[in-house]
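The values are calculated or read from the model by the stated rules, or taken from the named source; none is laboratory data. Treat the numbers as computed from the prediction; the structure is a model and nothing was measured. Cβ: placed from backbone, ideal geometry, glycine included. Neighbour counts: every protein chain shown. Heavy atoms of the whole protein, side chains included, go into the accessibility calculation; ligands, DNA and RNA do not. Shrake-Rupley method; radii C 1.70, N 1.55, O 1.52, S 1.80 Å.
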Amino acid sequence: MIAPASIPAAGRTTRAERLAQPTTREAVRAVAENHGACLRPVQLRRTNTRTGEVDQVLIPCGATLADICPPCAERAKNLRAAQCREGWHLDTEPIPPAPPPDEVQAMWVERRAQAQAERDRAAQAGEDTTGLDELIADLDTEIRRSGLRGNADPGQTRPRRQRSTRRRQDAPDLPKRKISPHTIGKTYAAPDGKTFRPSMFLTLTCPSYGKVGEDGIPVDPDSYDYQRAARDALHFAALFDRFIQNLRRVLGHDVQYFATIEPQKRLAPHVHIAIRGTVSRAELRQIIAATYHQVWWPSTDTVRFDGDDLPIWHEPSARYLDPETGELLTDWDDALDAIGPHDEPMYVARFGVRFNAQGVLAGSKDAGRCIGYLTKYLTKQLGDCHHPNTGPQHDHVDRLVEALRFEPCSPTCANWLRYGIQPKNPRPGLVPGACKGKAHRREHLGYAGRRVLVSRKWSGKTLADHRSDRKAWLTEMLGLPATDPANYRWETVQPGDEDYLPPARRLMHAVADRLYWEQALAEARRRARDVLADELSATGRAA
Ligand SMILES: [Zn+2]
Ligand SMILES: [Zn+2]
């Protein structure tokens with residue numbers, strides 16, 4: 001039985017009851033979200049330069065984080081899933097080998113070669129090369145125009161200063177094979193003659209920093225190695241890079257990957273990798289054990305400046321100096337040069353020995369599930385993937401952020417001042433412990449790199465290519481005329497403009513646009529089904 005008090009008197013509602021009802025604006029927002037309409041559309045004015053016709057176009061904000069715009073973030077995630085799916089099981093090379101130059105291209109290249117030889121002869125003889133340099137620049141333009149990429153003489157500018165330590169990475173203990181340019185995995189034949197081409201789903205983690213419980217909280221926070229946790233997160237992308245190099249070396253071909261980086265509950269980054277082709281568990285174990293990244297940075301063992309006693313910016317030299325002695329701090333390049341052949345790297349990052357690997361067949365249920373894993377957290381910042389609910393979880397985040405506070409995040413990090421070294425490209429206002437670098441921030445947990453790492457020959461397409469694939473499919477199915485972008489001029493509409501739409505009205509337009517596109521999409525799908533049905537009945541008749 002309903003308590004009488006909860007029945008509102010007819011025709012009258014209390015203030016509390018009225019406030020409990022959603023506002024219309026909230027409802028518009030909810031409807032927009034349901035239909036996948038962008039919540040913060042950008043207004044553009046489009047002018048047809050031939051007819052002078054002007055119309056308003058709302059384009060999605062394109063945010064990738066759900067915090068900012070859930071529908072756009074969801075779309076971005078789906079696009080990544082499509083990209084992952086498309087490249088994973090390819091059976092033909094996505095980027096065919098380049099054809100030999102045609103006659104026109106060859107002609108320009110020959111002339112370019114002659115001009116170069118002539119110029120270098122003139123330079124050697126101490127003659128003026130201005131005219132020949134101009135000719136070479138013109139020929140380079142012609143070569144580009146003829147459709148060739150890159151530069152015939154890439155080494156012509158900036159002689160690089162060679163520094164041995166910066167690139168010194170000891171060779172891993174792995175068999176070395178010459179890498180062939182193919183990117184497709186092996187094909188296997190079943191006894192019944194069917195062939196299949198398995199690919200892999202692999203997860204790599206960081207090593208242990210101390211025992212953690214189910215909730216990812218260290219059992220003994222005092223002995224948990226937060227410094228290593230911080231450093232591994234900072235250098236995780238470089239370590240991943242080494243792993244791919246070693247994988248390619250061992251497998252002997254140009255292995256392709258689609259990888260996403262996200263935190264585990266203990267807040268250490270791990271990487272999920274879709275790999276085209278397979279690799280045995282034994283080989284994987286060997287590669288992971290042999291993979292490391294040496295950080296050749298100056299030592300941070302001794303704190304030179306702390307508290308209020310900090311280096312001072314010296315405007316005339318554009319450098320920091322020691323507040324007591326007035327001497328300039330060591331320059332970044334000099335500090336690197338001072339690392340001798342017998343010194344140890346500042347840090348060596350490695351993966352944990354534990355990994356997860358499984359073979360995945362094209363189009364299988366497993367493939368779909370793995371793509372779900374790969375893209376699961378892409379709409380969130382690293383620090384928001386696992387919400388700290390309890391006190392100990394909060395404390396764990398705090399301790400990691402504190403460990404990251406004074407770790408140098410990059411050669412330009414303000415923290416170098418703490419260890420008595422000018423950061424690379426020094427600028428005024430740097431304070432150790434307050435570096436603005438992304439890696440130090442709570443939402444990034446030490447990893448400031450890209451969340452999705454895709455190799456160049458994964459699908460042979462950029463995200464924009466994948467996006468326009470979908471659009472092209474829709475316009476083709478609906479038989480819409482393709483609009484020629486050359487005929488339009490686009491401008492952003494500013495708040496003071498006469499045709500400016502305030503956010504609330506923009507949102508309604510965005511909803512209306514989506515409703516229109518949903519109908520169009522349904523219509524396109526119906527037509528695609530009809531086409532398929534026609535084709536099937538045609539083949540049926542032919543048989
Ligand atoms: Zn949006
Ligand atoms: Zn920093």
Restricting to Cα pairs below 8 Å that are 6+ residues apart, what does the relative contact order work out to for region 227-274? Please round to a whole percent. 29
Please work out how much length the chain gains when fully extended from THR92 to TRP313, using 0.36 nm per residue of separation minus the C-alpha to C-alpha distance, in nm with one decimal. 73.8 nm
Contour excess over end-to-end distance, with Cα ends at ASN487 and LEU361 and 0.36 nm allotted per residue: 40.8 nm
From the cross-link list LYS436/LYS461; LYS77/LYS461; LYS77/LYS365; LYS77/LYS194; LYS77/LYS471; LYS380/LYS436, which pairs have alpha carbons spaced over 23 Å apart? LYS436/LYS461; LYS77/LYS194
Gyration tensor (alpha-carbon) shape descriptor, the chain, a/c threshold 1.5: rounded
Per DSSP H run of at least 4 residues, take -39500 (n - 2.57); add these up for the chain, divide by its residues and hand me the 222 nm value, nearest 500 deg cm²/dmol. -12000 deg cm²/dmol
Please report the carbon-and-sulfur percent of the accessible area for region 193-342; probe 1.4 Å, protein heavy atoms only, DNA, RNA and ligands left out. 48
Scanning the chain for helices, which whole DSSP H stretches are 20 Å or more long along the axis (Cα) and average 0.0 or more by Kyte-Doolittle? 236-251
Can you pull the percent of region 423-514's accessible area that's carbon plus sulfur, 1.4 Å probe, other chains left in place? 53
Interchain or sequence-distant (5+) residues whose placed amide H lies within less than 5 Å of the amide H of TYR347 are VAL295, TRP297
Quick one: dipole size for the chain, taken about the Cα centre, charges +1 on Lys/Arg Cβ and -1 on Asp/Glu Cβ, in debye to the nearest 20. 1980
Of the residues TYR516, GLN245, PRO392, the Cα lying farthest along the dipole of the chain towards its positive end, which is defined by charges on the beta carbon of Lys, Arg, Asp and Glu, belongs to TYR516
By its C-alpha gyration tensor, with a ≥ b ≥ c as the square roots of the eigenvalues, how is region 392-543 shaped: rounded for a/c under 1.5, else prolate for a/b larger than b/c, else oblate? prolate
Subtracting the Cα-Cα distance of ASP138 and ARG526 from 0.36 nm times their residue separation yields 134.3 nm
For the chain, what does the relative contact order come out to in percent, with C-alpha contacts under 8 Å and a separation of six or more? 21
For LYS376, which aspartates and glutamates qualify as cross-link partners when the Cα separation must be under 14 Å and same-chain residues fewer than eight apart are set aside? GLU74, GLU262, ASP384
Accessible surface, the chain, averaged per residue in Å² (probe 1.4 Å): 60
